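Enquirer: Can you read through this structure? Questions will come right after.
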Amino acid sequence: MGLTLAQKIIKEHLLSGEMVVGSDIGLKIDQTLTQDATGTMAYLEFEAIGIPRVKTEKSVAYIDHNTLQTGFENADDHRFIQSVCKKHGIYFSRPGNGICHQVHLERFGKPGKTLIGSDSHTPTGGGIGMLAIGAGGLDVAVAMGGGAYYITMPKMVRVNLTGKLKPWVSAKDIILEVLKIMSVKGGVGKIIEYGGEGVKTLTVPERATITNMGAELGATTSIFPSDEITKSFLKAQSREEDWTPLLPDADAVYDEVIDIDLSSLEPMAACPHSPDNVKSIKELEGKKIDQVCIGSCTNSSYLDMMRVAAILKGNKVAEGVSLAIAPGSKQVFNMIAKNGALADMIEAGARILESACGPCIGMGQSPNSGGISLRTFNRNFEGRSGTADGQIYLVSPETAAVSALKGVFTDPTSLGDEVKIEIPPQFLINDNMVIEPASEAEMDSVEVLRGPNIKPYPKTSPLGDTIEASCALKVGDNITTDHIMPAGAKILPLRSNIPAISQHCFTVCDKEFPKRAEMLGSSIIVGGANYGQGSSREHAALAPLYLGVKAVLVKSFARIHRSNLINAGILPLTFVNEADYEKIALGDELVLPDVKKLIENGKDIVVENKTKGTKIMAKCELTERTKAIILAGGLLDFTKKENS
Ligand code: MIC
Ligand code: SF4
């Protein structure tokens, strides 16, 4: 039987387990990436594991999230990461060099390699045929130390693309169509592979827009073949030698096939507050807008910027609109500065931001109260923009630019003839913002610089015999990590300080949660389906750990968050009978008798509700390895024990 693209890469990197859907597999990891908001914790964890030098082919640390520097915290954290990288063999991409996924695609990613990153949009690398997966910081730390990365062998979905996009319809519209079909939980436990004749019509940056937003499907990752188009992209990046061809076998078997005729697609928008709430721009046309933001790891490539500049050229941003643009990398920024496209943007009235995540993670540019903001980003979760009642719509750069000029939702196909913008035969190469690590001979003399914002990993303890805890919070379906551990300009600077950041845990849902959890000492969170969707931030597990949360009992979990809970030693439980969700209320006293023994024996867990005098059953599906991690009190203790 033939293999799919992803199965081929998995087979080559398989360290343990079998390639059978649903079983636990360990993968050899060739490359890692971190960004600063998850990076400080990941490097503290790497230090705690105690391996002197990374064992990967290439590990890169990026500074792109926390670049606002409203106080000493961000700058101190950057300095810590820079020094830790120098010491331990990691390349350091300085602030200003660009957004991790954009830069990694341009400068470091290689077809056929495995990459894990402490950021959920790491699958961007699938645009050049990498098996690129978002993970918790601790998983990345373990992989840097040469340890395997474990996932559940996913199902394979093939998205068959035929035809060609109409003028002004964009790669963003393709992924919005996939989101409309599959929903934000439709990709859980799956790898999405793109194939078919339509693939040949898409450039690498367009493919990367699609694989990037595969994160919003909840998918393990998304991937495109590595073909002549990939080769010419790498050649233009002066990296032709990094290219290898990679195609699925002709007789590869997929668990699911989705057909999309590119020529049938229209410009679309994901409406508030979910990336799968998709409507066509025609349905929204004429609606007044307040803000437009162009950039983020999804849509900040040279092609995106050039298309936007072409639309803006000679025009003026509408009176009622604020337009902000952040090019994705120094390479992109520099190229549009040199060729005049940046001047066209500035002339039209755009507010130019540095190459960083910026408004995507609420670091500035929050819209006005109730403001309607069109963004080329990938997430529009409630409150993420920094304005609680902001109405965020996710759109293509083309829709964003033309709407900024008109002041209302505008279908870019109304622009008439398309401006043809091609991938340049040669990108501008200048890696002077990437600092190389010290040589093995010099690494010992490098001093790691720690600021006062950096606090140690929270205390963990092995799983006790019985858990007695109260329900400290009850939430509904599709809770995102932005609910659990909000980001934004005020909270992000605390990412290296778990005691401080934990005071913001779940405050979007319930202001009293941190105090209540601390007062209770031991607590349990109850939730609905797709709990923990969104980011890879392990802070959404570490803050609850610090506040005394022992278990999370929900209808279903998102992949990365579930493994972050396990890594933190928090029990991820699901209802055996989903209707039992109704049987627990906030404040109920719960007991999980003999939980340790039941976990050891792979049995379902009894949850006694002392307040209501009832009993329900919960599942804790663990592999032998994740069971050992939970029993040890988390991955850090487990790894330390394994290495000692
Ligand atoms: C995001 O887009 O939500 C982030 C911020 O990039 C996160 C990582 C983080 O919270 O630091 C992600 O996607 O994993
Ligand atoms: Fe940065 Fe936004 Fe991409 Fe996350 S989604 S990595 S915050 S640009």
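Only the coordinates and a few stated rules stand behind these numbers; no lab work does. Remember, it's a predicted structure, so these values are computed and weren't measured experimentally. Ideal geometry is used to build each Cβ from the backbone, glycine not excepted, and the neighbour counts take in all protein chains shown.
Enquirer: Find the eigenvalues of the gyration tensor of the Cα atoms of region 348-407, then list the square roots of 5 times those eigenvalues as equivalent ellipsoid semi-axes, largest first, in whole angstrom.
Expert: Those come to 17, 14, 11 Å.
Enquirer: To the nearest 20 Debye, how big is the dipole of the chain about its Cα centre, given +1 on the beta carbon of each Lys and Arg and -1 on that of each Asp and Glu?
Expert: 680
Enquirer: Could you put 239, 375, 107, 307 in order, starting from the residue whose Cβ has the fewest other Cβ atoms within 10 Å? Please list the in-between numbers first.
Expert: Numbers: 239 18, 375 28, 107 22, 307 25.
Lowest count first: 239, 107, 307, 375.
Enquirer: Here's something else I'd like to know. Out of residues 5 or more away from residue 219 or on other chains, whose amide H comes under 5 Å of its own, with H placed 1.01 Å from N in the peptide plane?
Expert: Long-range HN contacts for residue 219: 187.
Enquirer: With just the Cα atoms of region 408-527, tell me how far they stretch along each of the three principal axes, in Å, largest first.
Expert: Per principal axis, max minus min of the Cα coordinates gives 64, 58, 29 Å.
Enquirer: Suppose R0 equals 30 Å. What FRET efficiency, 1/(1 + (r/R0)^6) with r the Cβ-Cβ distance, do residue 244 and residue 477 give to the nearest 0.05?
Expert: The value I calculate is 0.10.
Enquirer: Oh, and also: Of 182, 195, 271, which is farthest on the positive side of the dipole of region 177-277, counting Cα position, with +1 on Lys and Arg Cβ, -1 on Asp and Glu Cβ, and the Cα centre as origin?
Expert: 271
Enquirer: Sort 352-365, 509-522 by the packing proxy (mean of other Cβ within 10 Å over each peptide's residues), most packed first.
Expert: By packing density, highest mean first, the sequence is 352-365, 509-522.
Enquirer: Would you compute, for the Cα atoms of region 509-578, the largest minus smallest coordinate along each principal axis and list the three values in descending order, in whole Å?
Expert: If we take the Cα atoms of region 509-578, the spans are 28, 27, 22 Å.
Enquirer: For the ranges 341-349, 132-140, what's the packing order if you count other beta-carbon atoms within 10 Å of each residue, average per peptide, and put the highest first?
Expert: Going from most to least packed, we get 132-140, 341-349.
Enquirer: Follow-up. With r as the distance between the Cβ atoms of residue 162 and residue 253 and R0 = 22 Å, compute the FRET efficiency 1/(1 + (r/R0)^6) and round to 0.05.
Expert: FRET efficiency, residue 253 to residue 162: 0.65.
Enquirer: In what sequence do 333, 377 fall when counting other Cβ within 10 Å, fewest first?
Expert: Ascending number of Cβ neighbours within 10 Å: 333, 377.
Enquirer: Can you tell me the dipole magnitude for region 23-170 around its Cα centre, using point charges on the Cβ only (Lys, Arg +1; Asp, Glu -1), in Debye to the nearest 20? Before the final figure, lay out each step's value.
Expert: Details: 15 positive and 13 negative charges, 152 e Å.
The calculation lands at about 740 debye.
Enquirer: Once you have the Cα-Cα distance between residue 263 and residue 614, take 0.36 nm times their residue separation minus that, and quote the gain in nm to one decimal.
Expert: Working: separation 351, 0.36 × 351 = 126.36 nm, distance 5.65 nm.
Contour length minus the Cα-Cα distance gives 120.7 nm.
Enquirer: Given Cβ point charges of +1 (Lys, Arg) and -1 (Asp, Glu) and nothing else, what value in debye, to the nearest 20, does the dipole of region 352-460 about its Cα centre take? The partial results should precede the final answer.
Expert: Numbers: 8 positive and 14 negative charges, 141 e Å.
Roughly 680 debye for region 352-460.
Enquirer: A follow-up question, please. Between Rg and the Kirkwood Rh of the chain, both from Cα atoms, what is the Rg to Rh ratio?
Expert: Details: Rg = 23.5 Å, Rh = 24.7 Å.
Ratio value, two decimals: 0.95.
Enquirer: May I pose another question? For region 444-597, what Kirkwood radius comes out of the mean inverse Cα-Cα distance, in Å?
Expert: Numbers: mean 1/r = 0.0629 Å⁻¹.
About 15.9 Å for region 444-597.
Enquirer: Kindly identify region 324-458 as rounded, prolate or oblate by the Cα gyration tensor criterion: order the square roots of the eigenvalues as a ≥ b ≥ c, call it rounded if a/c is under 1.5, otherwise compare a/b with b/c, prolate if a/b is larger, else oblate. Before the final figure, lay out each step's value.
Expert: Working: a/c = 3.00, a/b = 1.41, b/c = 2.13.
Judged from the Cα gyration tensor, region 324-458 comes out oblate (a/c at least 1.5, b/c at or above a/b).
Enquirer: Separate question: Residue 642 to residue 368: extension gain in nm, 0.36 nm per residue of separation minus the Cα-Cα distance?
Expert: 93.5 nm
Enquirer: Here is a follow-up. Defining a contact as two alpha carbons under 8 Å apart and six or more residues distant in sequence, what relative contact order in percent does region 45-146 show? Intermediate results must be reported in sequence, preceding the final value.
Expert: Working: 145 pairs, mean separation 32.5, N = 102.
About 32 percent, as a whole number.
Enquirer: Using the C-alpha gyration tensor of region 517-644, what are the square roots of 5 times its eigenvalues, in whole angstrom, with the largest one first?
Expert: Over the Cα atoms of region 517-644, the semi-axes work out to 23, 16, 15 Å.
Enquirer: Tell me what the chain gives for mean residue ellipticity at 222 nm when only DSSP H runs of n ≥ 4 count, each as -39,500 (n - 2.57), the sum divided by the residue total, rounded to 500 deg cm²/dmol. Present the calculation step by step, with values, prior to reporting the outcome.
Expert: Details: 21 runs with 187 residues, N = 644.
After summing the helix terms and dividing by the residues of the chain, the value is -8000 deg cm²/dmol.
Enquirer: Also, quick follow-up: Is any residue of region 362-401 close enough, with backbone N under 12 Å, to a label point placed 7 angstrom from the Cα of residue 490 along the Cα-Cβ axis, and if so, which?
Expert: Hits in region 362-401 for residue 490 at 12 Å: 386-388.
Enquirer: Next question, about the same structure. Determine the relative contact order of region 1-76: mean sequence separation of Cα pairs under 8 Å and six or more apart, normalised by residue count, in whole percent.
Expert: Relative CO of region 1-76 lands at 25 percent.
Enquirer: Set Lys and Arg Cβ to +1 and Asp and Glu Cβ to -1, take the dipole of the chain about its Cα centre, and tell me which of 225, 150, 628 lies farthest positive.
Expert: Value computed over the given set: 628.
Enquirer: State, as an integer percentage, the relative contact order of region 185-313 based on alpha-carbon contacts under 8 Å between residues 6 or more apart.
Expert: Taking the mean separation of contacting Cα pairs over the length of region 185-313, I get 22 percent.
Enquirer: What are the ³J(HN,Hα) values, in whole Hz, obtained from phi via the Karplus relation 6.51 cos²θ - 1.76 cosθ + 1.60 with θ = phi - 60°, for each residue of region 329-336 in sequence order, with x given for Gly and Pro?
Expert: So the Karplus estimates, Gly and Pro as x, are 8, 4, 4, 5, 4, 5, 5, 6 Hz.
Enquirer: Hey, with R₀ at 41 Å, roughly what FRET efficiency would residue 432 and residue 228 work out to, going by the Cβ-Cβ distance, to 0.05?
Expert: That gives a FRET efficiency of 0.85.
Enquirer: Projecting each Cα onto the charge dipole of region 260-395 (Lys/Arg +1, Asp/Glu -1 at the beta carbon, about the Cα centre), which of 392, 262, 322 comes out farthest on the positive side?
Expert: 322
Enquirer: Multiplying the sequence separation of residue 20 and residue 388 by 0.36 nm and subtracting their Cα-Cα distance, what value in nm do you get?
Expert: 128.1 nm
Enquirer: Moving to a separate point now. Roughly how many nanometres apart are two label points built 7 Å out from the Cα toward the Cβ at residue 408 and residue 48?
Expert: Taking the two extended label points, one gets 5.6 nm.
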